[in-house]
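S.K.: First the structure, which I've put down as structure tokens, then a few questions once you've had a look.
The values are calculated or read from the model by the stated rules, or taken from the named source; none is laboratory data. Remember, predicted model here, so these are calculated numbers, not experimental data. Every residue, glycine among them, receives a Cβ derived from its backbone with ideal geometry; neighbour counts consider all protein chains shown.
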């Protein structure tokens, strides 16, 4: 009985997967494999490529720009992801308080996510203008002398991080809100009956029930933050100096401005390696921390 | 029942796949025999110009003209993708700054053989600066459609109010005079003497006027640390940091000398004549004069753009491409360009783009023709994107006063030398490909 | 039915008032940049192009709305954007839901590996896959066509990932009950899983739609003519080498955002579904 069952299950599985798989292999996985192949070549886009073996990877070690870009990206990720998660979760909790107008607030709070980056990045540049920009003006009301933000060595990256958190918290907020709305009332009532405080019921009911959503948002946020590009390009163009040059920016420049396709592909594979390790670690942790109902 | 369902879905999916591939192949391949060309174009005003070009091409060649107009920001990326996938037009516009970049990598083909085989084509009708910009490694890769020197705009109203005589229409002033004037006219925060872009594109004009350059004559090493270049850079930085005759910089990315000048409180602006279209919106009287002369005279940067033919174009298509290229850069076409008043056409025989008012706009043509002042075609390398990136990373801090000029130059010279070596490598590889 | 996650203060009325106040405050602060975007859109040319545009317009220019539409065929571009965003969203949502079901519920050899491959493609930056994708579409004669524009962006792994996570959280009891009633896998999927998964599917659809609505690079390189050009590309018209027309650029950006807001309001009920069971969490 069992072998036949499994066969039917396998066939069914493939039928369900096939529509996605065909398109995925052709349009998504194929180009990724191509990028991998390109990393082994010397290619300037216009002349015939020559085989470079692992030389492109060897160039990475002594390349200071690569390491500084990697460092900048890590700095960006490890600050923006927790901040974004915090803001998304806090706002989801706030909106989940049984408001009647939740729809309005939820839509309004999605606006930052929905505005097109190339336009709203310029607005942020104006907000960050050292003398007369809104941010420093408001800081001035509290007696704080704001820094030069986007042209300051130390504050350019935090300025970018703040803008990115603002731009991307909407996604997590909606995901968490959906998750929160699905938590049954009974669980909270049971906790209340047991005498739990607000914090305890948050820790013992909300967090475990929300853990699949938390996991999803963390994984996608980290993956996404490693690929931040548009706003950095527009707001600082990687400067001052190379302080806000992210790895993806360096990869883009290497490939499209310096016409060094093989090197760009090699860099992206290394970036890929880092993300794989981090994501795999998260998947391992999820077995212990994330609760699925089975 | 399940097996029936799966058969049905299988048929469904196969059908969809066939339909999809059918759709894909049915549409939009290049109409055979059409004159395809690509150009950057953002504003509707620009579009009108290129539409007029298109009509002219159709009149002259009696075949369909199919221009691909892309917003200027995305033009290089799109061109690269088209070239690598073999879907580029027969003729593509190239910014002069990028001609060596594309030529050295074999993206576009040299035109010398086509020019030699064509007795009707007068290369001499093109300004020498345009020809120089379109040349790489002693071969011609493009035919120019526009070319212009950097000039000095001045706010007539502001100068008159301060009781200062307008600068000479044809004689460039000396750097010392310029500096004095700028300082005299600076009354922060209401009024400033000068504005330019805090980037190598504007710095380079001063470097050329001082007799220096970004790299040495054979392009093998950086020349920024040579006294001429260093003094020129120091002069400009002093205007920003020491004399403070420039409006304060609030963001290096959106800093616009045009926006500063149009505010009406800046006396002089360094910019190209291509901004005339925008400066005409000014609410004050203004005019242009030749660039201030340094030790080597008034030789600011001369920039231009050309049309080129991708390497992959061969056989009959090549003949069509050459005809199209000639038509797009013919006197008739460039007259259209001149009439639009957006920039100076690359041909001597084409009309003037800059008609009064104001009075002195004609000086642009005179400068190009060598009658007045002078100019220096923009010297770029085969990896100019990287050079620009490097200089754009380190030099702006000097404008902000965060780093001294000698420090900045010392810091970037080793890396610039490395880029020059790579530039030489690119040239060598281009040579090897030729043979 | 909404559920309270945190009973904050003893007095429920005070809590409610505090919560509402906090919502207003947070929303107001969050929307400052968006508000500024809209305000600059109504400023005069001179004011918006100043070195530092002011926050509040000194003069209002509602004609900028008309000007934006005149300078760029914005209406036509918006239509194209709808086609592009809807096309990619529909295709990805449907195929991802099917595939996610297989990954979450069905056992087959290579399941783990295949899912890993899906995930792996998320970790390669798009700048690097741009060239192979473009060449592929060019070889298939898809340049400047709708299939050429839509297909390469309709099969990303994010949909499969999100829905798989969601499906894993749905208790098996419901499907098992359905199967005991004689339903096959397809019917179990359609009649049990999909209705329960509406919030997740709606989330995926909305975010995919937003992402493709604002996608600039791909439509820029794929479309050569106005017949396929999208609004994001149209915005570039206001940004040429001679300077940017801020007021018109931001007016066009504002206009481009309005359909999304309408979408949010229209799809509200799918997000706030009154189910007491499974979501991204829950029993």
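S.K.: Touching a strand residue (DSSP E or B) at 6+ places or on another chain (Cβ under 7 Å), buried (at least 18 other Cβ atoms within 10 Å of the Cβ) and part of a helix (DSSP H, G or I): which single residue out of A:191, A:213, A:232 fits that description?
M.R.: The unique qualifying residue is A:213.
S.K.: Right, next: Is one or more of the residues making up the range C:192-213 within 11 Å of chain B (Cβ to nearest Cβ) and assigned to a helix (DSSP H, G or I)?
M.R.: No, the range C:192-213 has no match at all.
S.K.: Still on this model: Does residue B:251 satisfy the condition of being in contact (Cβ under 8 Å) with a residue 12 or more places away in the chain, part of a loop (DSSP other than H, G, I, E, B) and assigned by TED's automatic domain parsing to the domain that holds residue B:166?
M.R.: no
S.K.: Also, I was wondering about something else. For the range B:191-213, which positions are assigned to a loop (DSSP other than H, G, I, E, B) and farther than 18 Å from residue B:407 by Cβ?
M.R.: Result: B:196, B:197, B:199, B:210, B:211, B:212, B:213.
S.K.: Here's another thing I want to ask about it. Take residues that are closer than 24 Å to residue A:168 by Cβ and modelled with pLDDT under 90 and tell me which of the helices (runs of 4 or more DSSP H) falling wholly in the range C:1-85 contain 1 or more.
M.R.: C:12-30
S.K.: Residues in the range A:132-139: is at least one more than 7 Å from chain C (Cβ to nearest Cβ) and outside any helix (DSSP H, G or I)?
M.R.: Yes: one or more hits.
S.K.: The conditions are (1) touching a residue at least 24 places away in the same chain (Cβ under 8 Å); (2) in contact with a helix residue (DSSP H, G or I) (Cβ under 7 Å, 6 or more places away or on another chain); (3) within 14 Å of chain A (Cβ to nearest Cβ), and residue B:396 fails exactly one of them. Which is it?
M.R.: If we test residue B:396 against (1) touching a residue at least 24 places away in the same chain (Cβ under 8 Å); (2) in contact with a helix residue (DSSP H, G or I) (Cβ under 7 Å, 6 or more places away or on another chain); (3) within 14 Å of chain A (Cβ to nearest Cβ), just (2) comes out false.
S.K.: Go through B:113, B:124, B:118 for me and flag whichever is more than 21 Å from the chain's Cα centre (by Cα) and in contact (Cβ under 8 Å) with a residue 60 or more places away in the chain.
M.R.: Residue meeting the stated conditions: B:118.
S.K.: Residue B:305 versus (1) assigned to a loop (DSSP other than H, G, I, E, B); (2) at pLDDT 90 or above; (3) under 17 Å from the mean Cα position of the chain (by Cα): which is the lone unmet condition?
M.R.: (1)
S.K.: Is it true that residue A:16 is part of a helix (DSSP H, G or I) and at the interface with chain C (Cβ under 9 Å from one of its Cβ atoms)?
M.R.: So residue A:16 fits the description; yes.
S.K.: Of the conditions (1) part of a helix (DSSP H, G or I); (2) in contact (Cβ under 8 Å) with a residue 12 or more places away in the chain, residue B:68 fails just one. Which one is it?
M.R.: Condition not satisfied by residue B:68: (1).
S.K.: Further question on the same structure: Look through the range C:69-121, keep the residues that are more than 19 Å from the chain's Cα centre (by Cα) and under 21 Å from residue C:263 (Cα atoms), and return whichever of them is surrounded by the fewest Cβ atoms within 10 Å (Cβ to Cβ).
M.R.: Only one residue fits best here, namely C:75.
S.K.: Right, here's the next one. Can you name the number of the only condition in (1) crowded, with 20+ Cβ neighbours inside 10 Å; (2) more than 7 Å from every other protein chain (Cβ to nearest Cβ); (3) under 30 Å from residue A:219 (Cα atoms) that residue A:158 fails?
M.R.: (1)
S.K.: Which numbered condition trips up residue A:250, out of (1) part of a helix (DSSP H, G or I); (2) at the interface with chain C (Cβ under 8 Å from one of its Cβ atoms); (3) closer than 23 Å to residue B:74 by Cα?
M.R.: Among (1) part of a helix (DSSP H, G or I); (2) at the interface with chain C (Cβ under 8 Å from one of its Cβ atoms); (3) closer than 23 Å to residue B:74 by Cα, residue A:250 violates only (2).
S.K.: Kindly check whether there is at least one residue in the range C:134-144 that is more than 10 Å from chain A (Cβ to nearest Cβ), surrounded by 23 or more Cβ atoms within 10 Å (Cβ to Cβ), in contact with a helix residue (DSSP H, G or I) (Cβ under 7 Å, 6 or more places away or on another chain) and over 25 Å from residue C:256 (Cα atoms).
M.R.: Yes, the range C:134-144 contains at least one residue that is more than 10 Å from chain A (Cβ to nearest Cβ), surrounded by 23 or more Cβ atoms within 10 Å (Cβ to Cβ), in contact with a helix residue (DSSP H, G or I) (Cβ under 7 Å, 6 or more places away or on another chain) and over 25 Å from residue C:256 (Cα atoms).
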